[in-house]
Every structure is written in structure tokens, then in C-alpha cells.
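Structure first, then comments.
The values are calculated or read from the model by the stated rules, or taken from the named source; none is laboratory data. This is a predicted model, so every value here is computed, not measured. Please note: Cβ atoms are built from the backbone with ideal geometry, for glycine as well, and neighbour counts cover all protein chains shown. Just so you know, the surface numbers come from the protein's heavy atoms only, side chains and all, with ligands and any DNA or RNA stripped out. Shrake-Rupley method; radii C 1.70, N 1.55, O 1.52, S 1.80 Å.
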Amino acid sequence: MGWVTVADRVNIGLVCLLMMLWSVSGIGVNWGTQASHPLPPDTIVRLLRDNGFQRVKLFDADYDTLKTLGKTGIEVMVGIPNDMLAIVGGSMKAAEKWVAKNVTQHITSNNVNIRYVAVGNEPFLETYNGSYLGITFPALRNIQSALVKAGHNNQVKVTVPLNADVYESTNGSPSGGDFRADIHDIMLTIVNFLSLSAAPFTVNIYPFISLYSDPNFPVEYAFFDGNASPVSDGGTLYYNMFDANLDTLAHALQKNGFADLPIIVGEIGWPTDGDRNANKEYARRFNQGFMSHISGGRGTPMRPGPIDAYLFSLIDEDSKSIAPGNFERHWGIFTFDGQAKYPLNLGTTNSGALLSATGVRYLEKKWCVMKPSVRLDDPNVEPSVSFACGSADCTCLGYGTSCGNLDAWGNISYAFNSYFQKNNQREDACKFPNVSMITKTNPSPADGNCKFHIMIQPYYGSAGWYAQKPLGLTSVLLIFSLVL
């Protein structure tokens, strides 16, 4: 770190002090919009306010979303998607235009309380194979310069939400923390820039992923109940993975000369479906445990004090990629239609419970199911199910999931209904060749664990709710004539 001067270190100390004073309190939440039928922005904003969320993290800069957040006082982290990094990183003019359109306009005209710009989203994931390594820092630098030029740099800070895989431990304990060898230099460049810009390091931490990826991972260590055998790091005891993970980052920062750089936990949560360990009870246990863990402001051994964090996530998103796993569509503390999934006390409501969305409009109470008369070995069944699941969402089916106990008829009907609802209950979306039918009898099992959902009415921005707007979809029969 010889390239950091004494003057730089003094400046770093000052800006870190300013960041500590500037830091906000209260739990934040991620608002993702990768859904086939997203709730209207005003419904979501009302949900945020009813549940006392003071901060929200976005993954883009949708105009209607930001405008609806105006005059609410909610602090906003607006996002620049990875596919825009090359544009704003390759042109100062493009960065200035982005800031003018997505920051300045909303602050000055719509009174949106924008506090951060998230430059990219986990751009250094190993699965990206280095696609964004050369363009993330230029994008960060240009956006910061554009914010300074626009006069926002005192209110709006840049950051790069990074996955916890950007650091590792050389000895298996937090004290061995350092940045990943293949990105060490670029990480130091970014961290130094964040420090000089009075900006925080943002990291996403997911104990669930460790449990999902490693069958030998100790389950109790993922939670905050204190039931796990502690891990000793030179006499410092770690009773949960979150503390150990965050302190691995803290050690990495300290080791490279940035011991006091503020850290924001950009994403943390637990999914409720799509895997045997993704269920409502584990999600409630984890999220409630995390809230209790941070509410006292004691922090971690390396970072005592309040922790700024954003829960992941607010609402389920049925259009997210399931490449990481079927659980990806089930991170929400609310269902796709804004209904609370389980009891969770955020300490922000008088009732001590989550408050569900109101005024949600649903399609008609009807479902698409397999005809009872059809044999399971009918040659049309298998391709129909494959097509339905490939085009809709069947991530609630399978071992250990909410609908994992359905019989064959139930599994097939669930797939058909998912496609039917996603396509706004259009009649041609329940015309799987001679094997499907529409019913007004709810096929959901009586135990209440598995639900055959009715989709909410599609919402078309300024046009509002509109249940019958045609989507221009090719009929299922025509599709089958092409694929079979």
C-alpha cells in the first residue's frame, strides 16, 4: 500500500468519520422487479411505508418506481445494471446523462431521497468469468465524477454491491481474510477509490448459499440462536456464519490499509421455497434472528456497533433466473401479491408483525388442471408439462418444496395452472392437447402448504390495472405444432 500517501490516510480518516456520522439507522430492503406480474409501484411504496422501511435498494432506475418514492422520505439506493457498466464506464458524457436523468431529475423535480448509486450488481462473481472486471471501476469513477459535477456528492454516494466471494481466508478463519487473488489489484483500486470518495463498501452475505452448496455445512451455524458450536479464531469466538463472514471482509480491509472503511450489508435473507432448506420456518428463524442480532447495535467482534443492512428481499420474483437454484424466485418476505409469508417483527410496526399489501386486484377464481379422465401415460402429457414449466414457474415442485407432496395429477395440474395464470387466464393458455381443462374448484391441497395461485391483474404503468389486455401470445396449440 505504498501508493497511499500520509495525506491520503488523513483524508481517509476524516471521510470515514463523516461516513459514521452520515450513516443511517433502521433496516432496509431490496425491491426487485423481475416478475411477470409486478405489483404497481404505489402499492409497493405503501407496503414499504406500512412496514416502516426507511431505506430501499433498487436494481435499476425505473422512472415510475423512483417517482413513486418521491416525498416519502425513504432513502433510496438506485442501481446501474451490469449491462450498462460499459456504457457509463466508456463515456463521461454517458455517465453525466445517466446522473442527470436518474438522479438529478428525481431529486430536484420529484423530491426523491436518493442516497446511493449502486454501480453494477455483484460484477465480480466467479460465474461471470471476468466479464465485468475491466469496466466496473471506470463506471464507478465516471459516475462519481458526474455526481460531483452535478453537486450531489455530499448527499449521494457511489458503491459497488459485491458478493462475498470477492474475499477469502488463507487460514479458514476470519483473521486470514484477504481479497481473492485473481482480483486483488482491482479490489484495492476500488476500495481506495471508495475511501477517498467517502463511500461505503457494500457486500451481499448469504449463509443459505453455504448450506445449499455444502451438504456438510453445520446447519445451526447459519442461524443466530447460539446453538452452534463456536469457531475460535485466536481466542475470538464466532457463533454464526454472518459474523465470521463479515469479519473476514473486515480483516481483508484492515490487512490492506482500510480498517475503518464503512461496510453496508447490501443483501441478506433466506428463501422460502425451491429447496429442502428453503422454507418459511427457516426463513422466519433466520430473518428474525438477524433482526434481533443487529437490534442491539453490538455488531461483530471486528466491527462493533450498528450494522447497516438491506433484507433480501421484499417480494417474490417469478421471472428471476433459476440458474443458481430453484430457490431464486422465493426470497421475498412477502409473496408475489404482497402478502406476508410468516410472522416477522422488524421493530417498525405497532403490531410487531408484517402488514400485507392492500387493494391488490386478482384475476377470476379459476384454474387450469389436468383432465381427470386422462391417463398419465398419454403421449401429450409429458411434452405439455415440459412446455408449461419451461414457460412459467414450477419451482415449488420437487423434493422438500411446498408442493413436494403432490401426486402425479397434482404436479401436472400445478404446471398447467402456472402457465395459465402467467398468461392472464387466456383460454388458449389452457388448451394443452386433449389433456387440460379449466375449473372453478380450487385444486390446492387442504393442508394449506401448497397453493395453486390465482395471478394478480397485470398492471400496465400509467394505463393502470387492465385484466383483459391481450398479450399477443401465440396459441398453445400452434406452439405445440412447432415443437412436437
Give the residue that is nearest to Y282 (Cα to Cα), with candidates limited to residues of segment 318-328 that are open to solvent by 10 Å² or more (accessible area, probe 1.4 Å) and out of contact with any Pro (no Cβ under 8 Å at 6 or more places or on another chain). N326
Within segment 151-185, count every residue that is within 25 Å of the chain's Cα centre (by Cα), closer than 17 Å to F124 by Cβ and not hydroxyl-bearing (S, T, Y). 12
Taking segment 394-416 and keeping residues in contact with a Leu (Cβ under 7 Å, 6 or more places away or on another chain) and either of a type in the set (F, W, Y) or open to solvent by less than 10 Å² (accessible area, probe 1.4 Å) (or both) leaves C403, Y414
Kindly indicate which of T170, T189, T159 is touching a Pro at 6+ places or on another chain (Cβ under 7 Å) and not charged (D, E, K, R). T159
Mind checking which residues of segment 56-105 are within 16 Å of E122 (Cβ to Cβ) and not in a helix (DSSP H, G or I)? K57, L58, F59, D60, M77, G79, I80, P81
Residues (buried (at least 18 other Cβ atoms within 10 Å of the Cβ) and in contact with an Asp or Glu (Cβ under 6 Å, 6 or more places away or on another chain)) located in segment 254-288: I264
Looking only at segment 422-445, filter to residues that are in contact with a Leu (Cβ under 7 Å, 6 or more places away or on another chain) and of a type in the set (S, T, N, Q); which one of those is nearest to D337 (Cα to Cα)? N424
Go through the residues of segment 350-367 one by one and say whether even a single one is modelled with pLDDT of 95 or more and under 14 Å from N411 (Cα atoms). yes
Can you tell me how many residues in segment 271-303 are within 27 Å of C403 (Cβ to Cβ) and among the aromatic types (F, W, Y)? 2
When you go through (1) at pLDDT 95 or above; (2) farther than 25 Å from P324 by Cβ; (3) in a helix (DSSP H, G or I) one by one for F432, which number turns out not to apply? (3)
